[in-house]
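Below: the structure, in structure tokens.
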Amino acid sequence: MSILIKAGRVLDPSTNTDEIRDILISDGKIQKSAVNITDSADEVIDASGCFVMPGLIDLHVHLRDPGLEYKEDIESGSRAAVKGGFTTICPMPNTKPVTDCKEVVCYVKEKAEKVGLLNILPVGAVTKGQAGNELTDIEEMKTAGICAISEDGKSVMNAQIYRAAMKEAARLNVPVFAHCEDITLVAGGTMNLGEKSKQLGQKGISNSVEDVITARDILLAKETGAMLHLCHCSTKDSAKMVKAAKEDGVRVTAEVCPHHFTLCEEDIRENDGNYKMNPPLRSREDMEALRQGLHDNVFDVISTDHAPHSSEEKMGGFEKSPFGIVGSETAVALTITELVDTGIITPMQMAEKMSWNPARILGIDKGSLAEGKTADIVIIDPCAEYCIDISTFVSKGKNTPFHGRKVRGKVLRTIVAGKTVYQV
Ligand code: DOR
Ligand code: ZN
Ligand code: ZN
């Protein structure tokens, strides 16, 4: 099966290509990339007016499988991801049981292969059962196929244990994905500490909850030489610290999620659990700092933190709902609408932050549209206008604050290893 993609705006950070071109795919690979390809193909796609990017890579999703399949499972999460333009995703280990040993890693990998829609690279836990006490066998999990370690959902509060984990991760060349949250400072908070939490009578989560651990983790990465990737940065001081750490030569990268660059606490109108996530929507000033940091490439990655929950669970308002919102099916539109259309980042930066940089962090041969590479490709119409509608979601999770929001940017087709796995 060969596919010829005609006249798309090819955005390839690996070769610094941004021009109208054709791409010929066959045998699962990019055979040719040139201004006018005249070869015949089984299928010809007219991509005029569209972005053609390397398949998107989401470093941060929750597939809830094993154990919490009523929220999402590997199949529904895979379908949501390819609909969102992703060709590789990294599911976090806060499953039930926790992904903390080779058996669970193998379960995820095998089920992912059976579903067979996209590349799924599991993240292994830092401590057994994410209980914070005893290190997992990182080497064993690496052999089984993890791409990184993380305690996502919480921080490893014991710095001695975390430092040991970082040393081991550095030795094995495994990246550490950090969820920065000082649990002792959270004190039952449900939303950002500020005007809105006062107004709604909610307990607040101060910026220091994130910032204290961000600082600690950067210092531990500096000491151990570990590759540290900071998940879902939400504060202006995180941006400052990441910038300073990079200038200092620390091996640190950082991500921002679409909800944190799109919304701030002012956008929360009522006690609606669909606005509850961790870290929370911060102040306008924080949101602006994240946008600036994305522009300046202080932030390397846009990831979703796709965190599906059931509608019943999310009915509990800020007090009772679990933290988290879905993101796989809205990330492209929010990035184009909020960052590209506004001139905060270029389409090339979008390809960098959603594909090329994640691939570099994982150390995998992806994120490129160069000839000879595996044909993981997404075709996006950046001008398609529509309203986000949860009834169109294929994820089991409908928990989003973006239902009804007018956006631009639609994934038209997702290709994994030369095979179309999603098309409108
Ligand atoms: O909002 C969140 N939801 N943040 C996290 O860190 C965990 C995630 C989840 O697992 O639901
Ligand atoms: Zn997290
Ligand atoms: Zn997460």
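Quick note: the coordinates plus some simple rules give every number you see, no bench work behind them. In this text, all values refer to a predicted model and were calculated from it rather than measured experimentally. Here Cβ is always computed from backbone atoms with ideal geometry, including for glycine, and neighbour counts include all displayed protein chains.
Output the relative contact order of the chain, whole-number percent, from Cα pairs under 8 angstrom with separation of 6+ residues.
Values: 1065 pairs, mean separation 85.1, N = 424.
Contact order relative to length: 20 percent.
Angle of helix 207-224 to the longest C-alpha principal axis of the chain, folded into 0 to 90 degrees and rounded to 10: 70°.
How big is D for the chain, in µm² s⁻¹ as a whole number, if Stokes-Einstein is applied with the Kirkwood radius of its Cα pairs at 25 °C and 0.890 mPa s? The calculation lands on 115 µm²/s. Of all DSSP beta bridges confined to the chain, the antiparallel ones make up roughly 55%. Each stretch of four or more DSSP H residues adds -39500 (n - 2.57); spread over every residue of the chain, this sum gives -8000 deg cm²/dmol at 222 nm. Computed over the chain with a Gaussian network model linking Cα atoms closer than 10 Å, the most mobile of N158, N399, N133 is N158.
Semi-axes of the stretch 330-384's equivalent ellipsoid from the Cα gyration tensor, sqrt of 5 times each eigenvalue, largest first, rounded to whole Å? Working shown, then result.
Working: eigenvalues 99, 33, 16 Å².
Semi-axis lengths for the stretch 330-384 are 22, 13, 9 Å.
Computed from Cα atoms, the angle from the helix 102-115 axis to the main principal axis of the chain rounds to 40 degrees. Once the Cα atoms are used to define both axes, helix 159-172 deviates from the longest principal axis of the chain by about 20 degrees. Translational diffusion coefficient of the stretch 159-205 (Stokes-Einstein, Kirkwood radius from Cα pairs, 4 °C, 1.567 mPa s): 99 µm²/s.
Averaged across orientations, what area in nm² does the convex hull of the alpha carbons in the stretch 211-260 project?
Details: hull surface 12.2 nm².
Mean orientational projected area (the stretch 211-260, Cα hull): 3.0 nm².
Summing charges over neighbours of P401, with a neighbour being any other residue whose Cβ is under 13 Å away from its Cβ, gives 0 when K and R count +1 and D and E count -1. With equal scatterers on the alpha carbons only and no solvent term, can you work out the Debye log10 of I(q)/I(0) for the stretch 379-420 at 0.14, 0.21 1/Å? For the stretch 379-420, the Cα-only Debye profile gives -0.42, -0.80. Each residue of the stretch 1-62 gets 113 Å³ once the volume of the Cα convex hull is shared out per residue.
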